[in-house]
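Colleague: Structure in structure tokens, see below.
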Amino acid sequence: MVYYPRSKKVIAKENAKEKARKAKAEPLIRKTPISITLLKKMDGGDKLSDRLLSKLRGHSMHHSLKHMKQMVKDLSKGGSFRKAHKDAIKNVGV
């Protein structure tokens, strides 16, 4: 069997693909969650219950500020948490 060493270009391409794959797989995680006072200041956040606000606070560790604003807006209109989350993913992103 003949062994052909990989060229530097091939190795660089493989490394770039691996780096892109890892970057895509990394979850978006905050070090600290969004405060409840900030959630209350969002459009319609003052209408939400304390239990829902604390659930949103924990949820904010994994999602962007735009996502959270969209969820608060949907929840203040009376939607469910799951539907608000799905709509925020569809409209705004993670």
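Colleague: Round to the nearest 10 and give me the degree value, 0 to 90, for the angle of helix 65-76's Cα axis relative to the longest principal axis of the chain.
Modeller: 30 degrees
Colleague: Once you've got the Cα coordinates, tell me which of Lys41/Lys86; Lys40/Lys90; Lys9/Lys66; Lys19/Lys90; Lys40/Lys86 are over 28 Å apart.
Modeller: From Lys41/Lys86; Lys40/Lys90; Lys9/Lys66; Lys19/Lys90; Lys40/Lys86, over 28 Å: Lys9/Lys66.
Colleague: Also: Going by the alpha-carbon gyration tensor, a ≥ b ≥ c the square roots of its eigenvalues, is the chain rounded (a/c under 1.5) or, if a/c is not under 1.5, prolate (a/b greater than b/c) versus oblate?
Modeller: Cα axes put the chain in the prolate bin.
Colleague: Can you give the longest run of the chain that contains no trypsin sites (Lys or Arg not before Pro) sitting in a DSSP loop with at most 11 other Cβ atoms inside 10 Å?
Modeller: The longest uninterrupted stretch comes out as 32-76.
No value in this document is a laboratory result; all are computed from the given coordinates. Given the structure is predicted, the values throughout are model-derived calculations rather than measurements. In this analysis, Cβ positions are derived from the backbone assuming ideal geometry, glycine residues included, and neighbour counts consider all displayed protein chains.
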